[in-house]
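Beneath this line is the structure, given in structure tokens, with notes to follow.
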Amino acid sequence: MSRLRPGIALVALALLPLVAGDYYVNLASQILIAAVFALSLNLLVGYGGLSSLGHAAYMGIAAYLSGWFFLKFGLGHLATAAIALLGTTLMAALLGLIALRATGLGFLMITLAMAQVLWGLAFRWVSVTNGDNGLSGLTRPAPFGVDLNGAAAFYYFALALGAVSAAAIAMLVDSPFGAVLRGTRDQPRRMSALGHDVWLVRYLTYVAAGFFAAVSGLLYVYYHKFVHPHALSLTTSAEVLLMVIAGGSGTLLGPVVGAAVVVLLKNYVSAFVERWTFLLGFVFLMIVLFMPDGLVPGFRRLWARFSGKPA
Amino acid sequence: MNAALEIRGLGKAFGGLPAIDGVSLSVAQGERRLIIGPNGAGKTTLFNLLTGDLRADAGSIVLFGREVGALRTALRTRLGVARTYQIITLFPGDTLAHNVTLSLLGISPARWSVLRPLAAYRNLHEQARAVLQKVDLAHLADRKLASVSYGDKRRVEIAMALAQNPRLLLLDEPLAGLSREERQTVQALLAAIPRDITVVMIEHDMDAALTFAERITLLHYGKVIVEGSRNEVVADPRTREVYLGS
């Protein structure tokens, strides 16, 4: 039964454009993009115990790389996507060397500082990034000749990439490497005494998180056909960290649920309530008070209590 | 025969206060060595220096004929050093079997694999169960570690160390906090450790420790005060003075 669940969820998600209008399909696409982004950060936060406040850097770098190589050299989408994924992964490999000089609060502050530097670059390096105006005039790719400009077409594209990313992340988490990663989160000293290379495990995870953030960055830039320094900002980094924590870090479903909550509050509820950030704050306050380890673990516990089965 | 462990002039100070002060000692292969000393004598610090958790300020550590002072902890583990902790350091949210599996992965190249789920590694699971069987915990293999008794956790600590087939086993107070019955179980377990494993043990329970150990080293303020066979050390007046206290 539990093996069928992802398949059933995928089929249900695939049916959405048949019953919902373009507005809601676009909203769902944004949720998918945010979900991939949050899943990538969850590798660090949930499974590695490394809270980053600069993860937007990797989504933003991928978006900028893709846009810039398209505008500057007129490269095709396959080439810009490859450059964006490779370039962002290399960037994560480089910055990971710096960030992992520390863990805990030190790690948080270094990731924050590095992302702020990149955000500042995006703002000030006008000749490359076009500064506050951002890079516009971008297009969506047309894989196998399929035009992705329609809401449903793009949604299926995002769903396919999202499903593949989620499956890859699930595989990593379930593997021996994933078990070792969780071990380094819980007892780093014991893990090195058992012969595990704690630093290297964390570093490889950091690079993998950068790679999957780059996937979300590509989806992001295709969706908006535009990239602004905001993609690299602290707000974006904090938002994705909130998604992970609100949904439930260290679970596969948590970041997806967290992404849905934040995107819906931000894009849907804000149409009715002007001060939607108030509401966002209130929702997080409630989550922290009543389900401190996130919505998914919280509801699992509730479910277990009412069905009488252990969690 | 070569010594399993050879320490020369080892020194470690914390903020000017020497915790280990010029310690030299040699442990033969297959020997059972007991390290005793009052609280703060530097016993656990000595273990942390041997495993690489701490770096020495001075001196050399030679394991099985190889200088390891500059090696990371994980590399020393792969040379055959395993340890248990005075304060239980396990994975409370995971099952007993998973705890032992993490230990088996530490010396297996499978730890880098991301392509197959851990559940598919049948040999690892069977090995983990076999190790738990050795310490009489096979029936609790699928229980969460947090849900078993303190004595069982102590045995998991030892099982995780033995799972790696170490050549040198460092036991840091394996009997601490155990009831009389639990002590007997763990003592029997220690007595059954194969003779090709060299064992260095820190222990305060003198009765249990004295039956186990062949040679004893007495540490005091980071220095070796007395070293010798069981009888020699017990009979030595300095032992009575600093440790037995009567």
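Looking across the range B:22-74, the residues that are more than 14 Å from every other protein chain (Cβ to nearest Cβ) and among the basic types (Lys, Arg) come down to B:Arg32, B:Arg33, B:Lys43, B:Arg66. Here B:His125 fulfils each of the conditions (1) more than 7 Å from chain A (Cβ to nearest Cβ); (2) over 30 Å from B:Ala28 (Cβ atoms); (3) out of contact with any helix residue (DSSP H, G or I) (no Cβ under 6 Å at 6 or more places or on another chain); (4) surrounded by fewer than 18 Cβ atoms within 10 Å (Cβ to Cβ) apart from (4). For the range A:100-131, the candidate set comprises residues that are among the polar types (S, T, N, Q) and closer than 16 Å to A:Ala238 by Cα; within that set, the residue that is surrounded by the most Cβ atoms within 10 Å (Cβ to Cβ) is A:Thr111.
Of all the listed residues (B:Leu71, B:Leu46), the sole one being in contact with a Gly (Cβ under 8 Å, 6 or more places away or on another chain), of a type outside the set (Lys, Arg) and not in a strand (DSSP E or B) is B:Leu71. Here A:Arg140 passes the criteria (1) in contact with a Phe, Trp or Tyr (Cβ under 6 Å, 6 or more places away or on another chain); (2) assigned to a helix (DSSP H, G or I); (3) under 26 Å from A:Leu78 (Cα atoms) except the one numbered (2).
For the range A:1-32, a residue qualifies if it is in contact (Cβ under 8 Å) with a residue 40 or more places away in the chain, over 17 Å from A:Ala170 (Cα atoms) and among the hydrophobic types (A, V, I, L, M, F, W, C), and the qualifying residues are A:Leu13, A:Ala14, A:Leu16, A:Val25, A:Leu27, A:Ala28, A:Ile31.
Being touching a residue at least 12 places away in the same chain (Cβ under 8 Å) and facing chain A (nearest Cβ under 7 Å) is the filter; apply it to the range B:103-120 and report the residue that is surrounded by the fewest Cβ atoms within 10 Å (Cβ to Cβ).
B:Ala110
In the range A:145-161 there is at least one residue matching the filter, namely being crowded, with 17+ Cβ neighbours inside 10 Å, out of contact with any Cys (no Cβ under 7 Å at 6 or more places or on another chain), more than 12 Å from every other protein chain (Cβ to nearest Cβ) and assigned to a loop (DSSP other than H, G, I, E, B). Scanning the range B:202-212 turns up no residue that is surrounded by fewer than 16 Cβ atoms within 10 Å (Cβ to Cβ), within 30 Å of B:Thr101 (Cβ to Cβ) and within 19 Å of the chain's Cα centre (by Cα). Scanning the range A:49-68 for residues that are part of a loop (DSSP other than H, G, I, E, B), surrounded by fewer than 24 Cβ atoms within 10 Å (Cβ to Cβ) and on the phi < 0 side of the Ramachandran plot turns up A:Ser51, A:Leu53. Out of A:Gly134, A:Gly74, A:Gly96, one residue alone is on the phi > 0 side of the Ramachandran plot and buried (at least 18 other Cβ atoms within 10 Å of the Cβ). It is A:Gly134.
Scanning the range B:171-202 for residues that are part of a loop (DSSP other than H, G, I, E, B), closer than 16 Å to B:Arg215 by Cα and out of contact with any helix residue (DSSP H, G or I) (no Cβ under 9 Å at 6 or more places or on another chain) yields one hit, B:Arg195. The numbered conditions (1) in contact with a Ser or Thr (Cβ under 8 Å, 6 or more places away or on another chain); (2) hydrophobic (A, V, I, L, M, F, W, C); (3) in a helix (DSSP H, G or I); (4) surrounded by 24 or more Cβ atoms within 10 Å (Cβ to Cβ) are all true for A:Ala38 except (1).
Residues that are small (Gly, Ala, Ser), under 17 Å from the mean Cα position of the chain (by Cα) and away from chain A (no Cβ under 12 Å) within the range B:128-165 comprise B:Gly151, B:Ala159, listed in sequence order.
All conditions but one from (1) among the hydrophobic types (A, V, I, L, M, F, W, C); (2) over 17 Å from A:Thr139 (Cα atoms); (3) surrounded by fewer than 24 Cβ atoms within 10 Å (Cβ to Cβ) apply to A:Phe226; the one that does not is (2).
Among the residues in the range A:242-260, are any of a type in the set (A, V, I, L, M, F, W, C) and within 14 Å of another protein chain (Cβ to nearest Cβ)?
Scanning the range A:242-260 turns up at least one residue that is of a type in the set (A, V, I, L, M, F, W, C) and within 14 Å of another protein chain (Cβ to nearest Cβ).
Mind listing whichever residues of the range B:121-148 are touching a residue at least 24 places away in the same chain (Cβ under 8 Å) and either part of a loop (DSSP other than H, G, I, E, B) or of a type in the set (Val, Ile, Thr) (or both)?
Result: B:Val131, B:Val135, B:Asp136, B:Leu137, B:Ala141, B:Asp142, B:Arg143, B:Val148.
Counting just the residues of the range A:75-99 that are assigned to a helix (DSSP H, G or I) and free of Cβ contacts under 8 Å to residues at least 12 places away in the same chain, which one comes out farthest from A:Ser233 (Cα to Cα)?
A:Ala79
In the range B:22-39, of all residues being surrounded by fewer than 18 Cβ atoms within 10 Å (Cβ to Cβ) and touching a Gly at 6+ places or on another chain (Cβ under 9 Å), the one that is modelled with the lowest pLDDT corresponds to B:Pro38. Reported count of residues in the range A:163-204, each being over 19 Å from the mean Cα position of the chain (by Cα), within 7 Å of chain B (Cβ to nearest Cβ) and touching a residue at least 40 places away in the same chain (Cβ under 8 Å), is 1. Using the structure shown, decide if B:Ala97 is more than 20 Å from B:Ala4 (Cβ to Cβ), of a type in the set (Gly, Ala, Ser) and assigned to a loop (DSSP other than H, G, I, E, B). In short, no. Applying the condition of being crowded, with 17+ Cβ neighbours inside 10 Å and in a loop (DSSP other than H, G, I, E, B) to the range B:76-85 and asking which residue is nearest to the other protein chains (Cβ to nearest Cβ) yields B:Tyr85.
The values are calculated or read from the model by the stated rules, or taken from the named source; none is laboratory data. Keep in mind that this is a model prediction, so the values were computed, not measured. No Cβ is skipped: glycine too gets one built from the backbone with ideal geometry, and neighbour counts run over all protein chains shown.
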